[in-house]
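Quick note: the coordinates plus some simple rules give every number you see, no bench work behind them. If you're wondering where the values come from, they're calculated on a predicted model, not measured in any experiment. Cβ sites come from the backbone with ideal geometry, for glycine too, and all protein chains shown count toward neighbours.
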Amino acid sequence: MDLSKFNHWWRDGQVNTVFLGKHRRALDEILPYLDRRQILILKGLRRVGKTTLFYQFINHLIKEKNISPYKILYFSFDEIIEELDEVIQFYIKEILKEDFINVKGKCYLFFDEIQKLKNWSEKIKILYDLYPNIKIFISGSAALGLIKGVKESFAGRSFEFKINPLDFKEYLKFRKINYDEDRIDIFKDKLIRELDLYLNNSGFFEMIEENNPEIIRRYFKDSILERVIYRDIPEHFSIDNPGLLYRILDILASQPGMLVEYKNIASDLKRDRRTIAKYFEYLRWSFLLKPLYRFYSNLLTSEKKLKKYYLSHPALTLALTGQPSPEAKGRIIENLFVSLTGGNFFYRSTSGEEVDIIVEPKKISPVFKSKAIGIPLEIKYTNKIYPKDLRGLTSFMRRYKVKQGFIISKGLEEEQKFDWGRVSIIPAWKFLLKIEYQI
């Protein structure tokens, strides 16, 4: 077994800068947990930067904490499927030169793409319970908590972090696009152009400097969609027709935010309803789909109702559909806001009024201070807002006594006040620069 190819710092005494990438805000948010006993779990779609964050943690340990490089082990199960015990025993014998229980100070173990390891949760739990002086980091390109038994086994033993692509502000920083926050309107044209580019790459940092739309499209199809559908999902679930997964994505990409009734899709695709329901779960497990639940104050009621589905990032939608018409672009912007705000709900009244996204205030905001049950966002990517566009917001805000709502426009900016609250109409690019995202 050759672990040195994963752990070049054993030879060089440092992490090669090629692997470090640029500093991300997620690093600062997770670093305070570094000294905690609990396992740190990084989860998210392929290519969002989980491995790079691991390298940044390792660099921090060596450079800032003066941890011996020999006390840091990294292993990727995406590259080689080995038994965890064999990896650990080789590391102890050949590198650490003593058992964990005898080591002075902590050892740091990083396991990438852990979902590839059979019965990984049981094996990691045993390792955690046996050795109090090791700190474990794991990552997965899958919603690990959906796997039966994981939440129970790791109760109190872990902190989870969802790693996303670059948000719009981070994207601008990575692109070295400068603007003055106090005079933001004079940079409007430049920022609108960047938003259009951002829709295509969705903040996946390997593509943020790529200008060829066909290369971007192939990147998302080949490196993410096809790899997940034809390799990752079949490795974990009994799939007799991966092409059906692709067909479901095609349907959802053509209608972002469609209200899904499994039996209707099953009828259209001539498949069993239970099969369709399972395939949707597999796509959610792999972070390719994002559902929105119908908003009720009783969350159990929300779970039982029909859901709206989006692909998890607009770049995935555009990889399947191509560039949208001007009329369809609003749906892509809606897809973007679902992705970036972390919203989990939409609103529909009994008489049919709707709000596109209901966001938990804590998800986006020191900027929009609110103790409300949710912040309603209605996407109207046009330069003209009509009274009928406020009906859904009016219904939600009056019913749940919410004082602030937002309409996301293309360029219009104004505020409308009512006796029941106020509605801020704000351009998409400007809203995305105001909010503070929480991982």
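From Cα coordinates alone, what are the radius of gyration and Dmax values for segment 61-148 in angstrom?
Reported Rg and Dmax, both Å: 13.3, 39.
Restricting attention to segment 59-116, which GluC sites (Glu not before Pro) occupy a DSSP loop and are surrounded by at most 13 other Cβ atoms within 10 Å?
Those satisfying the criteria are GLU64, GLU79, GLU83, GLU98.
How large is the Kirkwood hydrodynamic radius of segment 9-162, in angstrom, based on all distinct alpha carbon pairs?
Across segment 9-162, the inverse of the average 1/r is 15.9 Å.
Calculate I(q)/I(0) for segment 19-79 by the Debye formula, one identical point scatterer on each C-alpha and no solvent, and give its log10 at q = 0.14, 0.17, 0.19, 0.27 Å⁻¹ to two decimals.
-0.41, -0.62, -0.79, -1.53
Can you list residues from other chains, or at least 5 along the same chain, whose modelled amide H is less than 5 Å from the amide H of VAL359?
ILE375, LEU377
Restricting everything to alpha-carbon atoms, can you work out Rg to Rh for segment 205-333 with a Kirkwood hydrodynamic radius?
0.98
Regarding the chain, what are the three Cα extents along the principal axes, ordered largest first, in Å?
73, 56, 44
Just to confirm the filter: which trypsin sites (Lys or Arg not before Pro) across segment 66-113 are DSSP coil and have at most 14 other Cβ within 10 angstrom of their Cβ?
Working: sites: LYS71, LYS93, LYS97, LYS104, LYS106; in loops: LYS97, LYS104, LYS106.
Of the trypsin sites (Lys or Arg not before Pro), the ones in loops of segment 66-113 whose Cβ has at most 14 other Cβ atoms within 10 Å are LYS97, LYS104.
Determine the dipole magnitude for segment 339-434: charges of +1 sit on the beta-carbon of Lys and Arg, -1 on that of Asp and Glu, nothing else is charged, the reference point is the Cα centre, and the result goes in debye to the nearest 20.
Roughly 260 debye, rounded to the nearest 20.
Taking N as the number of residues in segment 339-434, what value does Rg over Cα atoms divided by 2.2 N^0.38 Å take?
Rounded to two decimals, the normalised Rg is 0.98.
Relative contact order of segment 1-110: what whole-number percent is it, with Cα pairs under 8 angstrom and at least 6 residues apart?
Details: 66 pairs, mean separation 34.0, N = 110.
It rounds to 31 percent for segment 1-110.
Under a 5 Å amide H to amide H cut-off, with H placed in plane at 1.01 Å, what residues pair with TYR108 once short-range neighbours are removed?
ILE72, LEU73, LYS135
Just need the relative contact order of the chain here, percent rounded to a whole number, with Cα pairs under 8 Å and 6+ apart.
This gives 12 percent for the chain.
Work from the charge dipole of the chain (Cβ charges, +1 for Lys and Arg, -1 for Asp and Glu, about the Cα centre) and give the residue of SER121, GLY352, SER158 farthest towards its positive end.
After comparing all options, I get GLY352.
Rank the residues ARG24, ARG11 as a footprinting-exposure proxy: fewest other Cβ atoms within 10 Å of their Cβ go first.
ARG11, ARG24
Using a Gaussian network model of the chain with C-alpha springs under 10 Å, which one of LEU252, LEU269, LEU34 is most mobile by mean-square fluctuation?
LEU269
Once amide H atoms are placed 1.01 Å from N in the peptide plane, what residues at a sequence separation of 5 or more from LYS307, or on another chain, have their amide H within under 5 Å of its amide H?
Those qualifying (amide H under 5 Å, at least 5 residues apart or on another chain) are VAL260.
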